[in-house]
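Read the figures in this text as sums done on the coordinates, not as results from a lab. Everything quoted here is computed from the prediction, not taken from an experiment. Methodologically, a virtual Cβ is constructed for each residue, glycine included, from the backbone with ideal geometry; neighbour enumeration extends over all protein chains shown.
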Amino acid sequence: MTSQPTTEGTIMATPTYRALQGSAAQRYQEFFVPAIGLPVAAELMRAAALQHGDVVLDVACGTGVIARLAAAAVGADGSVSGVDVAPEMLEVAQSVEQAGSSIDWRQADAASLPYPDESFDVVTCQMGLMFMEDRAAALSEMRRVTKLGGRVVVNTPGAIQPPFEQMARALAEHIAPEAVGFVHAVFSMDDRAELEAMLELAGLDEVETSGYSARLDLPGPAEMLWNYINLTPMAPIVAGASAEAKDAMEQQFIDDTAGSLVDGRVAIDQPMNLAISRHR
């Protein structure tokens with residue numbers, strides 16, 4: 001059982017982080033973006049090859065990590081739009097300082113983008129395609145709003161790595177089997193050939209796919225576990241479990257990830273899939 005802060009205010013050796021405060025969207029910005037979003041973004045931004053003055057759309061923008069990087073790259077002469085289906089994500093996105101061009105934030109479904117045909121030089125989508133209900137429609141929309149000769153750049157996580165498998169197992173064994181659905185959804189597009197085929201079926205041309213590895217430097221196991229849970233749809237399922245079940249889940253995850261620790265932090269070399277295509 002993981003120790004808790006005592007009534008006298010002293011903290012035992014292994015504190016739990018289950019009572020982390022803040023909205024899921026705010027936690028996404030504070031935890032997910034620096035720990036996962038930025039490391040994963042570097043190769044996508046290189047592939048996007050943004051130029052000063054480009055007009056860019058980021059689909060499933062979340063709290064805006066790619067949109068802000070794009071705004072800095074295209075400068076004041078360019079423009080960037082960020083679209084997400086979740087208003088809470090966009091609210092946090094608008095609160096974060098940025099450099100470069102202004103960003104137009106809009107709430108919309110990726111399967112029905114609120115822009116005219118051929119509006120953008122580059123369309124990006126980072127780790128969002130696997131969550132979309134109609135992936136084919138979303139990709140077709142990305143193609144539609146891309147200028148002739150413009151680029152669509154997409155990434156998805158590759159094969160699930162041990163710490164995430166260990167998280168899913170701890171959730172299934174101590175909370176509920178349905179709690180692991182989100183973890184599995186994150187890695188549901190790990191097949192690079194499938195990603196390439198989907199872009200081609202959407203009418204995109206010159207599709208090139210490749211793989212790369214993103215080094216994720218995550219907090220210690222308990223902090224990683226509860227941050228991740230509390231920024232996902234798993235949170236209410238876990239919140240309804242007993243204290244004993246939460247303790248057991250946490251302790252199992254701590255024990256299972258011991259082999260993945262570097263200086264007390266969870267280190268993951270996460271495989272990623274990258275697809276670059278053009279609208280011809």
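Just from its helices, what would the mean residue ellipticity at 222 nm be for the chain, if runs of 4 or more DSSP H residues each count -39500 (n - 2.57) and the sum is divided by every residue, rounded to the nearest 500 deg cm²/dmol? Mind showing how you got there, number by number?
Values: 11 runs with 103 residues, N = 280.
Value at 222 nm, helices only, nearest 500: -10500 deg cm²/dmol.
Rule-of-thumb check for the chain: C-alpha Rg over 2.2 N^0.38 Å? Write down the numbers at each step before the final one.
Details: Rg = 19.7 Å, N = 280, 2.2 N^0.38 = 18.7 Å.
Cα Rg divided by the expected 2.2 N^0.38 Å: 1.05.
Mean separation of Cα pairs under 8 Å and 6+ residues apart, divided by the residue count of region 122-212: what relative contact order is that in percent? Display every interim value, and only then the final one.
Values: 90 pairs, mean separation 30.4, N = 91.
For region 122-212, the relative contact order is 33 percent.
Under the classification rounded if a/c is under 1.5, otherwise prolate if a/b is larger than b/c and oblate if not, where does region 49-127 fall, given a ≥ b ≥ c as square roots of the Cα gyration tensor eigenvalues?
Numbers: a/c = 1.88, a/b = 1.17, b/c = 1.61.
Because a/c hits 1.5 or more and a/b fails to exceed b/c, region 49-127 counts as oblate.
In whole percent, what relative contact order does region 200-280 give with Cα contacts below 8 Å and a gap of six or more residues? Can you show the working numbers first?
Values: 86 pairs, mean separation 50.5, N = 81.
Worked out over region 200-280, it gives 62 percent.
Residues of region 120-162 with amide nitrogen under 20 Å from the 7 Å Cα-to-Cβ point of residue 191?
Residues passing the 20 Å test: 127-140, 154-161.
Gap in Å between the Cα centre of region 44-85 and the Cα centre of region 212-280?
What the calculation gives is 27 Å, centre to centre.
Rounded, prolate or oblate: pick one for region 86-165, where a ≥ b ≥ c are the square roots of the eigenvalues of its C-alpha gyration tensor, a/c under 1.5 means rounded, and failing that, prolate if a/b is larger than b/c, else oblate. Intermediate results must be reported in sequence, preceding the final value.
Working: a/c = 1.68, a/b = 1.17, b/c = 1.43.
Taking the square roots of the gyration eigenvalues as a ≥ b ≥ c, region 86-165 is oblate.
Counting Lys and Arg as +1 and Asp and Glu as -1, what is the net charge of the other residues whose Cβ lies under 15 Å from the Cβ of residue 275?
Details: positive: 46, 135, 143, 151, 192, 278; negative: 43, 190, 191, 194, 196, 200, 205, 206, 208.
Counting the neighbours of residue 275, the net charge comes to -3.
Given labels modelled 7 Å from the Cα in the Cβ direction, how far is it in nm from residue 280 to residue 76?
3.9 nm
Quick check on region 140-206: take the gyration tensor over C-alpha atoms, sort the square-rooted eigenvalues as a ≥ b ≥ c, and tell me if it's rounded (a/c under 1.5), prolate or oblate. Each step should come with its number before you reach the end.
Working: a/c = 3.83, a/b = 3.01, b/c = 1.27.
Note, shape of region 140-206 comes out prolate.
Provide the per-residue ³J(HN,Hα) series for region 182-197, in order, calculated from phi with Karplus coefficients 6.51, -1.76, 1.60 and θ = phi - 60°, each as a whole number of Hz, with x at glycine and proline positions.
Ordered by residue, 3J(HN,Hα) equals 5, 4, 5, 4, 4, 9, 7, 10, 7, 8, 5, 5, 5, 4, 4, 5 Hz.
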